[in-house]
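**Q** Would you mind keeping the following structure in view while I ask a few things?
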Amino acid sequence: MEISVLGAAKQVGRSAFLLKGDKTRVLLDFGVLLGREPAFPVHVKPKDVDGIVLTHAHLDHSGATPLFFLSNGVELHATDLTLELTRLLIEDFIKISGFYLPFEYLELMNMLRRATGVSLNGESQIGEFKVKFLEAGHIPGASIVRLDNGKQSVLYTGDFSADDTNLLRSALTDWDEPDVIITESTYATADHPAREDVEEEFVAYLKEVVEQGGVALVPAFSVGRAQEMACVLKNKGFPYPVAMDGMALKTNDLLMRHQEYLRDADLFRRSLGNLDIIRSWGERRRIVKQPSVIISPAGMLVGGASVFYTNEIARTSKNAICIVSFQVPGTPGRTLLEKGITLINGRPRKVKAEVRRFDFSGHSGRSTMLDIFKKIKGSPKVLTVHGEAESCIKFAQDLKELGMESNAPDAGDKLEV
Ligand SMILES: [Zn+2]
Ligand SMILES: [Zn+2]
């Protein structure tokens, strides 16, 4: 068996790995690196691939998959919910970044026509490989995947979180005895504060902002984080108006049809019950003037209604912007967080509103990750990917200390097993 690292090497973005068995070649994710212009993984010819396994809908995992559907295409397997969410995110991606993309809507449609939807924790087959999808706790529909050809097996974590959240159950971490593990390392060097504390602090802060007559923007990814934020506020009895905008609303509709993927479907339904749904520019202009909390994509302030909200909310010091997810270097969200600067009408401006970060993560922190790896049986070779360089390198060292052969690969590296 041979594994080629095509992306996510010492960075968060363009996750892509090619697994070659005796006869079958399977691509594990084929995402993009989001920035000013999207960047792609190491090139692979569609004719050199028999199938694609997609772990979850985030564009850093799914964003470049339509490239394989310019002509006949290949098989693509993912959970049924991941397929629907991927459609949503790539449609939007084409709308926003179409100019930079070597594919169009037609290729996305070809892809979805060829795709096989697998049920939650289900199995499928691509050539010689049996593919098992294990719940990943990262976003709705996300899976950790295990591929087995009867001789050897590979476990690829995609992105995962082994802690329960309001919206999702924690990841399944009974990984058997894989020969190779490809693991994400996003937060492998840091522990998250206790989630309960973060939730308390978040809700108390938002109350304070609204009670002072301010508006709080919570830029959140449309898939998962936006809904989690609404659930946190509902669960804690937040007494003021909460609005939701953008593609998060479409995700809500999809989740209503796939409630088996949710930890507490009842809480989710109740959280939608009292949301102020924002669908027009008139409503946007109204809500930014009303003391409230606005949950809106995009999570890293790249496009989406959150750009409008940031411009409005940034002008006044009693307002707040709450960053609730990982910000990739080079994105407007990261610049805002590090420098307190945003672009207003194309010009960098100091933000007057308070910017605060809350550590709601969809990725496991350091101790959780080490605990999981300590329990793994056998002697797998481990590739640490999907993290900033220092995280990938440090985590590989930690795993070596646990007695595992591990390294943080570069793009283009190959591993023979
Ligand atoms: Zn992800
Ligand atoms: Zn990712």
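Values quoted throughout were computed directly from the atomic coordinates according to the rules given, and no laboratory measurement underlies them. The structure presented is a predicted model; accordingly, all values stated were derived computationally and were not measured. In this analysis, Cβ positions are derived from the backbone assuming ideal geometry, glycine residues included, and neighbour counts consider all displayed protein chains.
**Q** With runs of 4+ DSSP H residues as the only contributors, calculate the mean residue ellipticity of the chain at 222 nm using -39,500 (n - 2.57) per run, divided by the residue total and rounded to the nearest 500.
**A** Working: 12 runs with 125 residues, N = 417.
It lands at -9000 deg cm²/dmol.
**Q** Between A190 and D22, with labels modelled 7 Å along Cα→Cβ, what's the label distance in nm to one decimal, could you check?
**A** Inter-label distance under the simple model: 4.7 nm.
**Q** Calculate the FRET efficiency for L106 and K45 from the Cβ-Cβ distance with a Förster distance of 30 Å, rounded to the nearest 0.05. Mind dumping the intermediate values first?
**A** Values: r = 20 Å, r/R0 = 0.66.
Calculated value: 0.90.
**Q** What distance in nm separates the two pseudo spin-label positions at E123 and E390, each 7 Å out from Cα along the beta-carbon direction?
**A** With each label placed 7 Å out from Cα toward Cβ, I get 4.4 nm.
**Q** Using only the alpha-carbon atoms, how far is helix 225-235 inclined from the longest principal axis of the chain? Give it as 0 to 90 degrees, nearest 10.
**A** That helix lies at roughly 60 degrees to the long axis.
**Q** Does anything in segment 10-34 have its amide N under 20 Å from the 7 Å Cα→Cβ label point of E416, and if so which residues?
**A** 18-26
**Q** Tell me which of A9, N407, G63 sits at the most positive position along the dipole axis of the chain, charges placed on C-beta atoms (Lys, Arg +1; Asp, Glu -1).
**A** Positive-end residue among those listed: G63.
**Q** Further question on the same structure: Given a Förster distance of 30 Å, report the FRET efficiency between R113 and D179 from their Cβ-Cβ distance, rounded to the nearest 0.05. Write out the running numbers ahead of the final one.
**A** On the way: r = 34 Å, r/R0 = 1.13.
It comes out at approximately 0.30.
**Q** Give me the lysines in straight-line cross-link reach of K45: C-alpha distance below 25 Å, same-chain residues under 8 apart excluded.
**A** Straight-distance partners of K45: K10, K20, K23, K130, K414.
**Q** Find how much the distance from E200 to N72 grows on full extension, using 0.36 nm per residue of separation minus their present alpha carbon separation; answer in nm with one decimal.
**A** On the way: separation 128, 0.36 × 128 = 46.08 nm, distance 5.15 nm.
Net length gain for the segment: 40.9 nm.
**Q** May I pose another question? Which whole-number percent is the relative contact order of segment 195-357 (Cα, under 8 Å, 6+ apart)?
**A** On the way: 280 pairs, mean separation 47.9, N = 163.
Relative contact order, segment 195-357: 29 percent.
**Q** Also, quick follow-up: Nothing charged except the Cβ atoms of Lys and Arg (+1) and of Asp and Glu (-1): what's the magnitude of the dipole of segment 195-357 about its Cα centre? Round to the nearest 20 debye. Mind dumping the intermediate values first?
**A** Numbers: 25 positive and 18 negative charges, 152 e Å.
Dipole of segment 195-357, to the nearest 20 debye: 720 debye.
**Q** Would you mind computing, in nm to one decimal, how far apart the modelled labels at F99 and E405 are, each placed 7 Å from Cα along Cα→Cβ?
**A** Between F99 and E405, the label points sit 4.8 nm apart.
**Q** Between their Cα atoms, which of K236/K350; K236/K374; K47/K95; K289/K352; K250/K339 are more than 24 Å away from each other? Before the final figure, lay out each step's value.
**A** Working: K236/K350 33 Å; K236/K374 35 Å; K47/K95 28 Å; K289/K352 16 Å; K250/K339 32 Å.
Over 24 Å Cα-Cα: K236/K350; K236/K374; K47/K95; K250/K339.
**Q** Just how large is the dipole of the chain about the Cα centre, in debye to the nearest 20, putting +1 at every Lys and Arg Cβ and -1 at every Asp and Glu Cβ?
**A** Values: 50 positive and 55 negative charges, 299 e Å.
That gives a dipole near 1440 debye.
**Q** Roughly how many debye, to the nearest 20, is the charge dipole of segment 10-121 about its Cα centre, given +1 on each Lys and Arg Cβ, -1 on each Asp and Glu Cβ, and no other charges? Walk me through the intermediate numbers first.
**A** Working: 12 positive and 13 negative charges, 63 e Å.
Here segment 10-121 has a charge dipole of around 300 debye.
**Q** Right, here's the next one. Once the other residues with Cβ under 14 Å from the Cβ of Y205 are scored (Lys, Arg +1; Asp, Glu -1), what is the net sum?
**A** Computed value for this residue: -3.
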